Amino acid sequence: MTSYKELGLVNTKEMFAKAVKGGYAIPAYNFNNMEQLQAIIMACVETKSPVILQVSKGARDYANMNILRNMARGATEYAKELGCEIPIVLHLDHGDSFETCKECIDNGFSSVMIDGSHFPYDENVALTKKVVEYAHQFGVTVEGELGVLAGIEDEVSSAVSHYTQPSEVIDFVSKTGVDSLAISIGTSHGANKFTPEQCTRNAEGILIPPPLRFDILEEIEKKLPGFPIVLHGSSSVPMEYVNMINEYGGKLKDSVGIPEEQLRLASKSAVCKINIDSDARLAMTAMVRKVFAEKPGEFDPRKYLGPARAELKKMYMHKNIDVLGSAGQA
Ligand code: G3H
Ligand code: 13P
Ligand code: ZN
């Protein structure tokens, strides 16, 4: 058993309390490799932002649990070396079973998500409660989910979203004892969050998505005053990166994300954790494609992963400063 404290990590308790009070959201960035992790830490140290490092099942399959756990340890030491001891959480993203959550808790994660949102309500309650009871013995915080996001959530996929029902939230939180709640108000996973039919087009032909359901968020906030709320699927899918990918040989079609102004607004509410993965994938792919197109003779991975890492850092800094408002809060 490795305690998260040995790795220099913290849980989400204090971080979320401060974020809800302060009207900002903590960035929850997924990582699968060294360059992503370095970029996240550099950006968060430079902007003095707390951060949640997220590991999905896909990331564990790709990179190995032991390696990821030790990378998180490295990240806490790297942040200190860069001159700022920012609070860092290692979080399991979309935990799919009690066993997966237990394995992560036993291996130094300071926070886990148990995603029972696709189960019938009572099963979601029972599973989430079981994870909370285990996690809390070790000071590990737990995120639950009510409502289903469209798109792929790790290996669970849903074609349509089901908004969170505000009438269920008090019962769910009190029965399970979760520390935070992910809700569905119109965000979804991936780079194609809405079909063109769900959007309107502006004068330049750009797809404009329907607004998030802030009315549902407000109702939930009224039912659970001050309780930490989480938004998944919150990439903005910057056109700059989509265009760059397509200019250099990619084929991304009908890509559309959540407008940054809406995330800025959500950050000022009880939403205190915002999950971003796809935007990092886009930034990295755009930069790698650019280098490949402009320097076809290049074959040193550092020569294309280096520029990709620099672009990622720039993007994360922008999120912390201009979107989530977490800059200066470490
Ligand atoms: O919620 C989904 C995240 O973007 C993780 O995706 O399972 O492909 O690593 P992944
Ligand atoms: P995006 O696909 O919008 O980046 O969402 C990521 C996420 O919710 C990870 O849990
Ligand atoms: Zn998610």
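We did not get these values from a lab; they are worked out from the coordinates using the rules stated. Keep in mind that what you see is a predicted model, and the values were worked out from it rather than measured. Glycine also receives a Cβ, built like all others from the backbone with ideal geometry; neighbour counts cover every protein chain displayed.
ARG201 versus GLU240, label points 7 Å from Cα toward the beta carbon: distance in nm?
2.5 nm
What is the antiparallel percent of DSSP beta bridges lying wholly in the chain, to the nearest 5?
Counting DSSP beta bridges with both partners in the chain, the antiparallel share is about 15 percent.
Where is the GNM fluctuation largest for the chain (alpha-carbon springs, 10 angstrom cutoff): LEU231, LEU181, LEU252?
In this elastic network of the chain, the residue with the biggest mean-square fluctuation among LEU231, LEU181, LEU252 is LEU252.
Which far-off residues, 5 or more places away or on another chain, put their amide H under 5 Å from the one on VAL10, with H placed in the peptide plane?
Close amide H contacts, sequence-distant or interchain: ILE88, VAL89, LEU90.
From the backbone phi of the range 48-58, what are the Karplus-calculated ³J(HN,Hα) couplings (6.51 cos²θ - 1.76 cosθ + 1.60, θ = phi - 60°) in whole Hz, Gly and Pro given as x?
Each residue of the range 48-58 in turn: 6, 10, x, 8, 10, 8, 9, 10, 8, 4, x Hz.
Helix-derived [θ] at 222 nm for the chain: sum -39500 (n - 2.57) over DSSP H runs of at least 4, divide by residue count, nearest 500?
Helices in the chain give a 222 nm mean residue ellipticity of -13500 deg cm²/dmol.
Would you please give the residues with an amide H less than 5 Å from that of ALA182, counting only those at least 5 places away or on a separate chain, with H modeled from the backbone geometry?
GLY144, GLU145, LEU146, VAL230
Compute the projected area of the convex hull of the Cα atoms of the chain, averaged over all viewing directions, and report it in nm² to one decimal place.
In nm², the orientation-averaged hull projection of the chain is 16.1.
Relative contact order for the chain: what is it in percent, counting Cα pairs under 8 Å that are at least 6 residues apart? Mind showing how you got there, number by number?
On the way: 675 pairs, mean separation 73.3, N = 330.
Reported relative contact order: 22 percent.
I want to verify a result. In a Gaussian network model of the chain, Cα cutoff 10 Å, which of these has the top mean-square fluctuation: ILE274, ILE216, ILE183?
Sorting by GNM fluctuation, first place goes to ILE216.
For a test of understanding, tell me how many lysine pairs in the range 13-97 have Cα atoms under 28 Å apart, given they are 8 or more places apart or on different chains.
9
So if I take the centroid of the Cα atoms in the range 221-282 and the same for the range 48-69, what is the distance between those two points in Å?
For the range 221-282 versus the range 48-69, the Cα centre distance is 19 Å.
Taking 0.36 nm per residue of sequence separation and subtracting the Cα-Cα distance, how much length would be gained by fully extending the chain between ASP215 and LEU252, in nm to one decimal?
Full-extension gain reported as 10.1 nm.
Tell me which of ILE105, GLY22, LEU231 sits at the most positive position along the dipole axis of the chain, charges placed on C-beta atoms (Lys, Arg +1; Asp, Glu -1).
Working it through, the farthest residue towards the positive pole turns out to be GLY22.
Most fluctuating residue of ASP277, ASP96, ASP61 in a GNM of the chain with Cα springs under 10 Å: which is it?
Among ASP277, ASP96, ASP61, the largest GNM mean-square fluctuation belongs to ASP61.
Please list 263-272, 200-209 highest first by mean number of surrounding beta-carbon atoms within 10 Å per residue. Don't skip to the end; give the middle numbers.
Working: 263-272: 21.3, 200-209: 10.9.
So the peptides 263-272, 200-209, ranked by packing, come out 263-272, 200-209.
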